[in-house]
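The block underneath contains the structure these notes are about, expressed in structure tokens.
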Amino acid sequence: MHHIVDPRAVVIKIASILHEVKIPYFITGGFAVSVWGRPRATFDIDVVVELIEPKVGALAGALRKIYKAGYIDEISAKDAIRHQSEFNFIDPFTGLKVDFWITKRDEFSLLKFQRKIPKKISGKTVYFISPEDLILSKLVWYTMGESTRQLEDIESVIKISGKKLDMGYILRWSKKLGTLDILTKLLSKI
């Protein structure tokens, strides 16, 4: 039987490390869905970072200070920066995987950083992707892999955060990102 691990403590630690080494970030993925939509189990924490190569050593050092048994591959991190992809870190206490996604430099990616939202978790400030940008990102991920989990997450965020959402922004960007058909179909079912 699996016990459910509460990822909040890991999120707080990772956020404080990124703040300490001055790496802009926001939390996205399943954990962000739990903030803007219905809580759901997640086995990894997705963090989008504006990371440059000279900061990799500082990030690795800060992670090692908190997690003596933690492992971060600095070569993988530098490769991820060069390829705008991801590298990960496993929390040795919980087994949770932290995926660090290197931000792209396009207009939408830059906008997501401008629109990130601070939330308090156990008295600590953690930055999250906005619910609108989470919906848009999940629409894009759906087009890349067509996982119904993405659509379920979008539906959850719309149902829970619906009245607070800037639908004009979502529709405008959905059109720009080529996901308007999927969004329209999804909205017609909700």
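The values are calculated or read from the model by the stated rules, or taken from the named source; none is laboratory data. Predicted, not measured: the structure shown is a model, and the values here were computed from it. Every residue, glycine among them, receives a Cβ derived from its backbone with ideal geometry; neighbour counts consider all protein chains shown. Surface areas here come from the heavy atoms of the whole protein model, side chains and all, with no ligands, DNA or RNA. Shrake-Rupley method; radii C 1.70, N 1.55, O 1.52, S 1.80 Å.
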inquiry  = Could you compute the net charge surrounding A9? Neighbours are other residues with a C-beta less than 11 Å from the C-beta of A9; K and R count +1, D and E count -1.
reply    = +1
query = Between region 24-98 and region 122-190, what is the C-alpha centre distance in whole Å?
reply = 22
note = Checking K78, K65, K116 against a Gaussian network model of the chain (alpha-carbon springs below 10 Å), the top fluctuating residue turns out to be K65
key: Positive-pole candidate from Q114, G95, T125, dipole of region 15-132, charges at beta carbon   = T125
task = Would you mind working out the accessible area per residue for the chain, using a 1.4 Å probe, and quoting it in Å²?
result = 54
request  = Arrange the peptides 156-162, 117-123, 50-56 so that the one whose residues have, on average, the most other Cβ atoms within 10 Å appears first.
outcome  = 156-162, 50-56, 117-123
task = Can you bin region 1-148 into rounded, prolate or oblate? Criterion: square roots of the alpha carbon gyration tensor eigenvalues sorted a ≥ b ≥ c, rounded for a/c under 1.5, prolate for a/b above b/c, oblate for the rest.
result = rounded
Dipole of the chain, positive direction: furthest Cα of Y67, I12, T148, with charges on the beta-carbon = I12
ask   = Among all the lysines, which ones have a C-alpha under 21 Å from K176's C-alpha, if same-chain residues fewer than 8 places away are not counted?
value = K104, K112, K116, K138, K185
message = Given a 1.4 angstrom probe, I'd like the percentage of the accessible area of region 35-190 that is carbon and sulfur, rounded to a whole number.
response = 55
ask   = Within the chain, what's the longest stretch lacking chymotrypsin sites (Phe, Trp or Tyr not before Pro) that sit in DSSP loops with no more than 14 other Cβ atoms inside 10 Å?
value = 94-190
query = When the dipole is taken about the Cα centre of region 75-190, and only Lys, Arg (+1) and Asp, Glu (-1) are charged at their Cβ, what size is it in debye, to the nearest 20?
reply = 420
